[in-house]
Each structure stands twice: as C-alpha cells, then as structure tokens.
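Structure first, commentary second.
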Amino acid sequence: MAAHPDVVVVGAGVVGAACAEALTAAGLRVTVLDRGAPASGTTAAGEGNVLVSDKEPGPELVLAQHSLRRWRVLLPALREELGPELAEVEWDAKGGLVVATTAAGAGSLTAFAAAQRQAGVRAEQLAPDRVGELEPLLTPGITAAVHYPEDAQLHPVLAATTLLAAVRARGGAVRAGVAALGLRRAAGGAVSAVVTSAGDLPTAAVVNACGPWAGAFATAAGAPITVLPRRGVVLVTGPLPPGTVRHKVYDADYVGAVASGDADLQTSAVVESTRAGTVLVGSSRQRVGFDDTIRVAVLRELARKAVALFPVLADVPVQRAYGGFRPYAPDHLPVIGPDPRVAGLWHVTGHEGAGIGLAAATGQLLAELLTGAEPHVDPTPFRVDRPAVLTGAEVRA
Amino acid sequence: MTPEADHRGRPGPSTGDAGAPQVTVDGVAVTARTGQTVAGLLVSAGRTSWRSTRGGGRPRGLFCGIGVCFDCLVEVNGVPDVRACQRLVADGDDIRTAPRPRPAAPGGPAGDGTRTGEA
Amino acid sequence: MARLIAVVGAGPAGMAAALAAADAGAEVVLVDAAPRVGGQYHRQPPPGLADQHAGPGFARLEAELAGHPRVRHLAETVVWALEPRPGGHRLHLRTGPADSPHRTARVLDPAALVLATGAHDRALPFPGWDLPGVVTAGAAQALAKGQRVAVGRRVLLAGTGPFLFPVAQSLIEVGAHLVGVLEANRVGATAAGWLARPAALLAGRAKLPELAGYLGLLARHRIAYRTGHAVLAAHGTDRVEAVTTARLTRDWRVVPGSARRIAVDAVCVGFGFTPQLELAVAAGCDLDATGTCVRVDIAQATSTPGVFAAGELTGVGGADLAAAEGRVAGASAARHLGLAVPVPRAALRQVRAGRGFAAALAGAYPVRPGWRSWLTEDTLVCRCEEVSYGALCQAVRQRAALGGRVLRLTSRVGLGPCQGRICGRNAAELAEALLCRADQRPPLTPAASARRPIAAPIRLGELATTPTEPSEHGFASTDPTDRSEA
Ligand SMILES: Cc1cc2nc3c(=O)[nH]c(=O)nc-3n(C[C@H](O)[C@H](O)[C@H](O)COP(=O)(O)OP(=O)(O)OC[C@H]3O[C@@H](n4cnc5c(N)ncnc54)[C@H](O)[C@@H]3O)c2cc1C
Ligand SMILES: Cc1cc2nc3c(=O)[nH]c(=O)nc-3n(C[C@H](O)[C@H](O)[C@H](O)COP(=O)(O)OP(=O)(O)OC[C@H]3O[C@@H](n4cnc5c(N)ncnc54)[C@H](O)[C@@H]3O)c2cc1C
Ligand code: FES
C-alpha cells in the first residue's frame, strides 16, 4: 500500500490536471480523482482557445497573459519529460481576428483594443480592406478589424491527458470512476481524508477542481461556494479544404456576450478551423441550469452568424453539435485559493469560458499558494473569501 | 469510362423509360434510369470508387448503401458532400466524382484513381 | 394538433404503426427519407423495372396507406432533429432530394410519436475492409433490390446471421456469380441447427420452410455455405481483387493453417445490425442492457411518455416482428391521445412469439470476441478519420482514454462524417478489451455515443434559416414538394 497522498485533487478536468501537474512538479505526492473519465467533463466541450483578445483589462487578463507565457514554457518542458507523442497537444499559435460589421461595433472594438494595448496586449488594428489578406473568404462587409497575434489554440482533451500523464510519470495517481462524496475532519477541524465512493482516502489537503459541479462538492465538504453552470453549445462542420478559415475569427459582440451575466440566450459567431479540417462554430451562452438539451433555436443563431461572417460556409454540412456547462462565479472571475472555513480545503474553479487557456497559470498559482511559494500573479482578486463566492452560497449551492 | 454500357445488372436503360434523366458524370453525358441513385448509376457503369480520403488518399465508393457511412460522397450541381447512395439522379444533374489526388510527396502511392471499369 | 401522431420511418414497423394509429382515428404523418414507403425489407426497384419484390402483401399495404384519409406520407423527408417541448416533442424536417441545400423545412409538434427508424448493418473491421468493392451485405441488398444492379461479378458473402440468405438470393437474381457464403458462427448448416431451442422452434416454425428454401437455392446454384468461416483480409490496391478466408474456432479465432486465398471483385459483409438510435436518444428514451436498442414495454412504450418505438430499433428480429410491433405501437400511440382502441391481441401475441425467436437468433448468431484478433496495427478502425487499430491502442494506453468522449477526442475515432455510426460499437469493444487487460474500470456509455443531436445531414445555410416554430397547421399542406407516393 502506497503512502497517503499529500494532496487529493478532486476533478480531472484541465484545471484539476494543471493543478496536479504543478503540485507534482513541486515535489508533492498527488492523487487525482474523477467520478467519470478524466477530461470528459467541461474540458471535453471546450474549443481550446487560449485567448487574450476577448478579455478587458483587469485581473482575468493578467491571469490570461501569464497563462499564455506559462503554456509556452510548460509544453516544451513536458515534451522533454514525456516525449513528443504523449506531449502532443496540437498547440497552434494561429492568432485571433476580431471584426465588426457595423459602424457602432467598429467604434467599440477600436476603443476596446486601445485599452488592451495599454495593458500590454498586442492588438493590431487593420484597415478593413486589408482583412482579406488574412482571411480571404471573410465577408467583405467589415467595418473594423483587430488582429491579435498572441491568441493560440490547443486541443483541450489532449492538454488535460498530457498533464495527467506527467502526474503519473512523477509517481502520482489518477483514479477514474471514483467520486468524492465529502470530507473527514481532524479534531482541530482540518481536513484528514476525502470520503470517496471507493472508501476514505487520508490526506491533509484537498483541491476542489470539480468545474461546474464545484458548488455541489463544496456543499458536501461543508464549505459551500457559489459556482453556477452557463450552457454553451458548439457546431462542428464537416472537413473543409485547408485555408478556408485561417485564424480564430469572431464578431465583436462576442466580447459583450462574455462579460454579460444575462440568463437569456446570447450567441456570437466564433469561427475557427481545427487540425482535422473541421470548422468549429461557437458558442452560445445561456443560463439553463444543467439542462443538456441541444436547442435548434440556439444552433440556428450560431449558424446564422457564422454564415454572415463566412458566406462560403452556407453549403457546408453540419456534422455535429455538442455542449457543456461553463463554471462561473457571479462576478465572472475564477476562484483560486484556500477555503476560509475548512483548513486544508482549496477551491480552484469558476473559469467559465476560459478554463482551458487559464489552466496553466491557475495550476501554477494554486501550487504556489499551497506550498507557500511566492505567487507569480496577485491572487487577491481570485480569493475564495469574497462576497460573490460566499454570500448566499448556502442557499444557492 | 463508358457509363452508358451496363456491365452489371441485367437490364440497361429500359426502353419504356421515356423520361430517362440525361445527366453528366465528370462532364461526360450519360443516360440514367428513372429512380436510379447516383451510386446505382456509377456502379452499373463499372465504377467501384469515386472519391479519396483526405488523410491517406485512399479510394472510396459504396459501402453501407443506405446513407450512414458517408463513404460515397460526390458533388452534384456544384454542391459537395452528397451521398451518392441516397441521391436520386434528376434530369440535367452535373455529377462530379473526386478522382484520387496526385501523391503529395514523391514515393507516395500512385494516384491513378480515375480508373473506372475493370474491362 | 391534438390528434396528430408522427411516425418516423416507413419500413415494416412504421407502415404498420401508421395504419394502426389511423384506423384508431388518429391523424398520422408518416415520415421517411426514402422516396417510397417500404423501408429496407420492402425496398422496390425503380419504376420501369419489374416490381419483382412487391408481393401482394406489400402492394396492398402501400395502397392502403396511400388511400387512407388520415395518413399523410411525407416522402424524401428526413427528421434531422428532435427536441423536447412542454408536453411532447418537436420534430424538425427537411423534404427534398437527399443532401440538397434547397429542401423544404417543416416543424411538427405531434401529440404522440412512434419511432421506427430501423437499423443498419454492423460491419467488423479486418485488414483491407476499406478497399472499394468491400461493402456491407445490406448495401449489396439495397443495390440489388432497389437498383437491380449487382455489386460485382465474383462475389463473396460473409458474416453472421440469417440475413445472409436473402442477400444471397438477391445477388443470384441480379446475375452475380456468388463464390460462397461464409457464416462465422459454427451453427449447424441445417434449419434444425439454429432452431435447436424449444422456445425458438415453436416461435420460428413459420421460418423453417423459408430457410429450407434458401438452402435449396444455394444448393441448386452449387454455392457453398460454410459455417465457422470468415473473411480475414481483403487484398488489392485500388479495389478488392482477392480475399483471404479461414476457418474459425468457436470464439472466432483463426484455425491455424486454414487460410485460403480466393479471387473476387466484391465482398459483402454483415455481422448483424445496429439500430439507428439518434432520435430515440434525443427523446430521452432509455436503452436496454446492451446499450444498443431502445427499451420498450409490452405496449411498445419507451421510457419517455408519449414516445413509442417499434421494429429493429427495439431489437433485431426481422420484418414480421417489426410489423407486429408497429401495430402495437400505433394502437398505443392512439390510446395515448385518448382514443378508444381495442387491445391488439393478435399483434401482441405475434410480438411475444417473435421476440422469443429473435432472442434465439441472437443467441445462435452472436458476434464473438475473436474478431478482435483479425486486426493488425494498421487496420483502420474508423474509416472516415482513418484511425488505425494501432492509433486506437495508443490513445487508450498512453492517454488512458477511458470514456467514449475522451476516446473519440484523443484518437479521433468516430469524429468524421459518419459520427461513429460505423465504427462506434467496434471501437468501444476494442477499447473495453484493452482496458480490461489493463485492469481499469471502463466507464463507456453507449447511449452517450449514440447522442447525435444532428440526426441527419443539414447544411449550415439551411440551419441558418430554419424555422423553429411549427406553422399554423403543424405543416404546410399546400407545399408542392409534398407527395404521398404515387
Ligand atoms: C462550449 C464551450 C466552449 C468553451 N471554449 C473554451 C475555449 O475555447 N477556451 C477556454 O479556455 N475555455 C473554453 N471553455 C471553458 C472551459 O471548457 C472550462 O472553463 C474548463 O474546461 C473548466 O475545466 P475544469 O477542469 O474546471 O472543469 P471540468 O472539465 O468540468 O472538470 C471537472 C471534473 O470534475 C469531476 N467531478 C465533479 N464532481 C466530482 C466529484 N464529486 N467527485 C469526483 N469528480 C468530480 C467531473 O467529472 C469533471 O471531470 C468552453 C466551455 C464550453 C462549455
Ligand atoms: C440495408 C438493409 C437491407 C435489408 N434488407 C432486408 C431484406 O431484404 N430482407 C429481410 O428480411 N431483411 C432485410 N433487412 C433487415 C430489415 O432491417 C428488417 O427486417 C426490416 O426492414 C426492419 O423493419 P423496420 O421497420 O424496423 O426498419 P426499416 O425497414 O429499416 O425502416 C426504417 C426506415 O426509417 C427511415 N428513417 C430512419 N431514420 C430516419 C430519419 N431520421 N428521418 C426519416 N426517415 C428515417 C429509413 O429511411 C427507413 O426507411 C435489411 C436491413 C438493412 C440495413
Ligand atoms: S454508401 Fe454509405 S452513405 Fe452511401
């Protein structure tokens, strides 16, 4: 029987995997649990964009900028450690192209990009008539365009499974099909074990990385937090000739949709190709609880906006539609840090529509906080002990 | 290719088929039969493959015959990704098969996918 | 639309369901992708060629449907999506030439739904199975019955189950030279052999003369029917030119030294059927323990209120059973609308007997695990995305790809245009075997892999303008593209 793990990470999505990777890199013994198959939750629904373009100046942009840098260091290091096959995550620094199609949209996009430049983002304003050089098949009716060369893409499930492979290679364990049901606490109140569907697992530290289900586990652990699901649906076309869509292209209302807390359906076309030749059309945002029905009305809106951006897509068959639940906190910021009520319990969740991109910096930050190292980003905005996360959590969780 | 010749099933274009659709296959004029599918037309003309895969350039033709495998895709009237086994020929249809592309790199498999009948 | 019942699929099951429901007083819309009713079993050749297969039974059925005042047949119409709505379901339809971007859209809100979407052949992978000229047994059958065309000149038929017999018959009829019929299971080559179960003997008595007829036909044409044999590999460059066949052990491993090479220009393979589950899964219907069929009760009701299922969708048992189930499902759907419907006792009896027979068939013609030993590293498992067995193993072992979704996303198996319809079941079984070997829990969920919200192809431009609410009368009855088959 192996010694007890130093840390148990609950949830083997990309966020839990990144935490486990960083913790094992710091020399800790880690066990990762997932009640299903690792990387089969929200992570399997993610489009894999690693973006700075959609973020306004503020703490999330700072975390995103760190995460971009971190992925660029981490991936080559993992390739050294695991070999090229196992470290393959289809990283593609393709760049983002944000366009506006109305006069009003042009003004706000231009102002948004200017503010991002102040915050250190590379945001290159393009003359509308030069956009065709980057995307020849884009609609000609463009009123403004900004190119974000830093935006990248990776394959979320490959990324998560690569991170978990590193955990295993360093002696950690990844256990599929094991649900965390609650915590055992020592006399002083600190965590002593995780109660699981496969028995108790003694440990002094537990990381709640349950994605949109983090609220439920937090409640089971006796320390409720408010994390809610926000439905997102993606359309996938059949394979297209290379070069049909070259960047990640989206209309500027995407930025509004990301920032909004509205329950009503919001869509904006985010169009990009994958290495397999398919084009992904994402994504919708809707608060419908955990209802996983795929609605034709939602698909229609995605299709309509995609065809408006790329008229050539009209004749392309739709191959698939799928969805997931983005985990979000009411103030739309990730939750990363120790629980203020239960010593030894940590929460890492709430990454909403950006968890794939933010995972690298998030894992690093959690490991720094947990081991007492100097954090590379200011953790204050993400702390658990903030009103949006704790207020009313008892009732809402 | 001699699509009018019918080396396979017994009857050729039936004499009673007054409204027999006139179509073109890769630019060649062909008389089809009413009620014939594009796959039925191609197979009765002796073709076994009419498309190649994106990855390995492997030849593909009919496989499931009932619209589930998507092996048999052709272009009809400028629209790609039409299942030949499901699509009925209509008068005036311009049917395009996708011949096997030339090998991307030297040393690849010979790209002679335009071969049609075995005669 | 309080009295509207939608029946999806106009095969033996759907036709029977439509008539039963309409006879009980319901308004019925019978939807099928094909230009004519009949499904797989009653597939008809194009007009102008002799209707050799249209037995008097089918002709009467077709006429009865066409003449029924309460049945409306929407031909060349696919249901591409099904979504729940309060108190029922909403169907999204497209009518017109297959895969055309210019089809007519319709939205239906039926009060009850009968799903009779049938099944497609199961094909097992083996080296060379993706060469042109290798087709499913059903493809050869559809081509022979529907187009009067033989898939090749020298044809080998292989697989398992009694479906090989009607396919052999059709191939002979269209003039193919059948070089042999290989049955992988080692059941006796006589009728008594595969009906050696008391229950089945009783239930399948009606089938005995039919089977004897097929065996006689093969004998007359001097066509060998070999049990315990299979095609292990297909050879050729641009098309199949030869196959390797071999004798199999009981669990389908190759008997050493039994391999034989045969020159052919076509191979037809069929290893049973896989039900078309997407609409049933979209309607939230529970599947049976095997995860491949819709679970129904004695009234053909699924676990979803107001949704009934019949035919191969609920288990593979042939056209007669499908039709009997359809009669029960149609009556149940009408009763669901509040119509007074007598209990369809005769049909219920036929269903019960037919299920016994189907269970015996399934027991006599299983797919046995030895097929996995036919694969080599470079055998394609997924034809669309060209994923080899080696690549699949790598994803399972290296990436610990456990769940179906993760297996798909890491290996790309099932992510191509067919969306796993051909490879999904095979890939799941292969992965499961690898995982058992690695002593890990395999949380593979077949229902999840049958989840295809886009149930039939639709183009982005069509989707962009698709109506989301039904028109006033549920469907536009004046549409010129509507036709109830002439
Ligand atoms: C449609 C869509 C598109 C998106 N596109 C992008 C994008 O382009 N870029 C981007 O950065 N982000 C994107 N996202 C967001 C991103 O997918 C998420 O932020 C991210 O995957 C969250 O990862 P996670 O590890 O926190 O959650 P998950 O991946 O959901 O992982 C949580 C895991 O916890 C497990 N679990 C839950 N409860 C328990 C328990 N009690 N015991 C054991 N295990 C448990 C679950 O099984 C699950 O595997 C998108 C999201 C959606 C829905
Ligand atoms: C290719 C093939 C050929 C066969 N030939 C024979 C044979 O010759 N003899 C024999 O005994 N058995 C044959 N079978 C077995 C046969 O399936 C059954 O015995 C019988 O036809 C089953 O009847 P069913 O009504 O359940 O389904 P089917 O006859 O398969 O009918 C299902 C119908 O549903 C329609 N459908 C499915 N999904 C949709 C959708 N989303 N929208 C609109 N329409 C839809 C299909 O077009 C089809 O017509 C064949 C099977 C296959 C796959
Ligand atoms: S042959 Fe399978 S879709 Fe046409």
Inset, instruction - Quick one: pull the percent of accessible area on chain C belonging to carbon and sulfur, 1.4 Å probe, ligands and nucleic acids left out. - result: 55
Legend entry - Label point distance in nm, A:Arg341-A:Ser197, each placed 7 Å from Cα along Cα→Cβ: 2.5
Legend entry - Environment charge of C:His92, counting only residues whose C-beta is closer than 12 Å and scoring Lys/Arg +1, Asp/Glu -1: +3
Legend entry - Solvent-accessible area per residue for segment C:123-271 (1.4 angstrom probe, square angstrom): 36
Legend entry - Å² of accessible area per residue within segment B:35-96, as computed with a 1.4 Å probe and no ligands counted: 25
Inset, instruction - May I ask you to give the percent of accessible area on segment A:96-143 that is carbon plus sulfur, with a probe radius of 1.4 Å? - result: 59
Inset, instruction - With an 8 Å cut-off on Cα pairs and a minimum separation of 6 or more residues, tell me the relative contact order of chain C in percent. - result: 20
Inset, instruction - Answer rounded, prolate or oblate for segment C:123-271, using the Cα gyration tensor with square roots of eigenvalues a ≥ b ≥ c: rounded when a/c is under 1.5, else prolate when a/b is larger than b/c, else oblate. - result: oblate
Legend entry - Residues of segment A:279-397: accessible area per residue with a 1.4 Å probe, Å²: 33
Inset, instruction - Hey, can you grab everything whose amide H is under 5 Å from the amide H of C:Ala401? Only 5+ residues off in sequence or another chain; H modelled, so Pro and N-termini drop out. - result: C:Val396
Inset, instruction - Have a look at segment A:265-299 and report residues whose accessible surface goes down by 40 Å² or more when the remaining protein chains are included, against the chain on its own, probe 1.4 Å, ligands and DNA/RNA excluded. - result: A:Ala276, A:Ile294, A:Arg295, A:Val296
Legend entry - Cα centroid separation - segment B:15-93 against segment C:335-385, whole Å: 31
Inset, instruction - Round to a whole angstrom and tell me the spacing of the C-alpha centers of segment C:65-125 and segment A:297-354. - result: 31
Inset, instruction - Work out from phi, with θ = phi - 60° and the Karplus expression 6.51 cos²θ - 1.76 cosθ + 1.60, the ³J(HN,Hα) of each residue of segment A:329-336, listed in order in whole Hz, and give x for Gly and Pro. - result: 9, x, 9, 6, 10, x, 10, 9
Legend entry - Amide H contacts of A:Arg185 (H built 1.01 Å from N, under 5 Å, at least 5 apart or other chain): A:Ser192
Legend entry - Solvent-accessible area lost in complex, 10 Å² minimum, residues of segment A:137-163 relative to chain alone, 1.4 Å: A:His155, A:Val157, A:Leu158, A:Thr161
Inset, instruction - On the protein heavy atoms, probe 1.4 angstrom, tell me the percent of accessible surface of segment B:35-96 carried by carbon and sulfur. - result: 41
Inset, instruction - Name the long-range amide H neighbours of C:Ser303: under 5 Å, sequence gap of 5 or more, or other chain; modelled H, no Pro or chain starts. - result: C:Asp286
Legend entry - Total accessible surface hidden between A and C, rounded to 100 Å², 1.4 Å probe: 3500
Inset, instruction - Post the alpha-carbon centroid distance, segment A:193-228 to segment C:235-271, in whole angstrom. - result: 54
Legend entry - DSSP bridge pairs, chain C: antiparallel proportion in percent, nearest 5: 50
Legend entry - Accessible surface buried once C binds B (1.4 Å probe; total of both sides; Å²): 4000
Legend entry - Among A:Gly189, A:Thr143, A:Ala165 the positive-end extreme of the charge dipole of chain A (Cβ point charges): A:Gly189
Inset, instruction - Looking at segment C:123-271, send over the antiparallel percent of its DSSP beta bridges, to the nearest 5. - result: 40
Legend entry - Per-residue ³J(HN,Hα) for segment C:256-262, Karplus 6.51 cos²θ - 1.76 cosθ + 1.60, θ = phi - 60°, Hz, x for Gly and Pro: x, x, 9, 5, 9, 9, 10
Legend entry - Environment charge at A:Ala269 (Cβ cut-off 15 Å; Lys +1, Arg +1, Asp -1, Glu -1): -2
Inset, instruction - Find the relative contact order for chain A and round it to a whole percent, using C-alpha pairs within less than 8 Å whose residues are 6+ positions apart. - result: 23
Legend entry - Inter-chain shielding of A:304-316 (mean C-beta neighbours from other protein chains, 10 Å cut-off): 4
Legend entry - Exposure ranking of C:Arg60, B:Arg51 by accessible area [1.4 Å probe, largest first]: C:Arg60, B:Arg51
Legend entry - Karplus (6.51, -1.76, 1.60) ³J(HN,Hα), θ = phi - 60°, over segment C:170-185, in Hz, Gly and Pro reported as x: 5, 4, 4, 4, 8, x, 6, 8, 8, 7, x, 10, 10, 9, 5, 6
Inset, instruction - Filter the trypsin sites (Lys or Arg not before Pro) in segment C:241-290 to those in DSSP coil with at most 11 other Cβ atoms within 10 Å of their Cβ, and list the result. - result: C:Arg250
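The values are calculated or read from the model by the stated rules, or taken from the named source; none is laboratory data. Here the structure is a predicted model, which is why all the values come from computation and not from measurement. With ideal geometry, Cβ positions are generated from the backbone for all residues, glycine too; neighbour counts draw on all protein chains shown. Ligands, DNA and RNA are stripped out before the accessible areas are found, and what is left, the full protein with its side chains, is counted by its heavy atoms. Shrake-Rupley method; radii C 1.70, N 1.55, O 1.52, S 1.80 Å.
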